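Enquirer: One structure follows; several queries about it will come next.
The values are calculated or read from the model by the stated rules, or taken from the named source; none is laboratory data. Just so it is clear, the structure is predicted and the values come from calculations on it, not from any experiment. Note that each Cβ is placed from the backbone with ideal geometry, even for glycine, and that neighbours are counted across all protein chains shown.
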Amino acid sequence: MKTRVAALLSVTVAVSFGCRQDMHDQPKYEPYEKSAFFADERSGRPLVPGTVARGQLRDDAVLYTGKQGKALATTLPIALDERTLRRGRERYDIFCSPCHGYSGAGDGMVVRRGYRRPSSFHVDRLREQPLGYVFDVVTNGFGAMPDYSAQIPVEDRWAIVAYVKALQLSQNARIEELPAEMRQQLQAR
């Protein structure tokens, strides 16, 4: 009886070690591995046309492209409030001021060190551009300016656009555009 139990135990131990399968040794395809199962012999299957990754549905064309159809957007697709302008200024100071300067005159620190000078935001040509133009330049770059689509999230790019337009207004406001009480205060000085 002891020999039977010992033999059975020996066989059980041997079989259990022989049937061991490690997690790293799973039946699976490695990336780009050939597959005999599919006619095209690819193990990785192509995405179904029209597939959208989670969180990547870009159904608001103005928000993501800065365009309404083929025309550049003339309205801001995010809420314009003090919080947006503060965020725009913060992002502008980080990403834009090294070249464009804090006032948008194109006199940033890297320009003072020899980098190519960008145009001032206060020239008529840029002041008259619609909001979508500024968004497009920040997103896709222009001339010596690189694109910032990878570094700056889309909502922050729009906040920067709002801040740039506020900078332009701050340097080019006409007295006729001010509220009556502010005009009176300026005239009193």
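Enquirer: Of the residues Leu167, Leu126, which single one is assigned to a helix (DSSP H, G or I), closer than 30 Å to Ala188 by Cβ and not small (Gly, Ala, Ser)? So that I can check it myself, show each step before the final result.
Expert: On the way: Leu126 fails: closer than 30 Å to Ala188 by Cβ.
Criteria check complete, one pass: Leu167.
Enquirer: Residues Arg83, Arg87: which one is assigned to a helix (DSSP H, G or I), more than 16 Å from Asp60 (Cβ to Cβ), modelled with pLDDT of 95 or more and under 17 Å from the mean Cα position of the chain (by Cα)? Even if it seems obvious, please write down each step before you answer.
Expert: Details: Arg83 fails: under 17 Å from the mean Cα position of the chain (by Cα).
The match here is Arg87.
Enquirer: Okay, moving on. I need a count of the residues in the range 99-114 that are surrounded by fewer than 16 Cβ atoms within 10 Å (Cβ to Cβ) and within 25 Å of the chain's Cα centre (by Cα).
Expert: Residues meeting the conditions: 4.
Enquirer: Given the options Ala159, Ala150, Ala188, name the one that is over 26 Å from Lys70 (Cβ atoms) and not aromatic (Phe, Trp, Tyr). Working first, answer last.
Expert: Values: Ala159 fails: over 26 Å from Lys70 (Cβ atoms); Ala150 fails: over 26 Å from Lys70 (Cβ atoms).
Criteria check complete, one pass: Ala188.
Enquirer: Could you please find all residues in the range 66-93 being under 20 Å from Asp136 (Cβ atoms) and either out of contact with any helix residue (DSSP H, G or I) (no Cβ under 8 Å at 6 or more places or on another chain) or free of Cβ contacts under 8 Å to residues at least 40 places away in the same chain (or both)?
Expert: Gly69, Lys70
Enquirer: Consider Gly108 against the criteria (1) over 18 Å from Ala71 (Cβ atoms); (2) touching a Phe, Trp or Tyr at 6+ places or on another chain (Cβ under 7 Å): it satisfies all of them except one. Which criterion is unmet?
Expert: With respect to (1) over 18 Å from Ala71 (Cβ atoms); (2) touching a Phe, Trp or Tyr at 6+ places or on another chain (Cβ under 7 Å), Gly108 is out only on (2).
Enquirer: If you don't mind, there's one more thing I want to ask. Can you tell me which of (1) over 30 Å from Ala61 (Cβ atoms); (2) of a type in the set (Asp, Glu); (3) not in a loop (DSSP other than H, G, I, E, B) is the one Asp136 doesn't meet?
Expert: It is condition (1) that Asp136 fails.
Enquirer: Next question. Of all residues in the range 156-189, how many are among the acidic types (Asp, Glu) and surrounded by 12 or more Cβ atoms within 10 Å (Cβ to Cβ)? Break it down stepwise before answering.
Expert: Of the residues in the range 156-189, the ones among the acidic types (Asp, Glu) are 156, 176-177, 181.
Then keep just the ones that are surrounded by 12 or more Cβ atoms within 10 Å (Cβ to Cβ); that gives 156.
Going through the range 156-189 one residue at a time, the tally reaches 1.
Enquirer: I would also like to ask the following. In the set Val62, Val48, which member is closer than 18 Å to Leu131 by Cα and either part of a loop (DSSP other than H, G, I, E, B) or touching a Ser or Thr at 6+ places or on another chain (Cβ under 8 Å) (or both)? Working first, answer last.
Expert: Working: Val48 fails: closer than 18 Å to Leu131 by Cα.
None of the others qualify; the one that does is Val62.
Enquirer: Determine whether the range 143-155 contains at least one residue that is assigned to a loop (DSSP other than H, G, I, E, B), surrounded by 17 or more Cβ atoms within 10 Å (Cβ to Cβ) and in contact (Cβ under 8 Å) with a residue 12 or more places away in the chain. Explain how you work it out, then say what you get.
Expert: Going through the range 143-155, the residues assigned to a loop (DSSP other than H, G, I, E, B) turn out to be 143-144, 146-153.
Retained after the next criterion (residues that are surrounded by 17 or more Cβ atoms within 10 Å (Cβ to Cβ)): 148, 152.
Cutting the leftovers down to in contact (Cβ under 8 Å) with a residue 12 or more places away in the chain gives us 148, 152.
Within the range 143-155, one or more residues are assigned to a loop (DSSP other than H, G, I, E, B), surrounded by 17 or more Cβ atoms within 10 Å (Cβ to Cβ) and in contact (Cβ under 8 Å) with a residue 12 or more places away in the chain.
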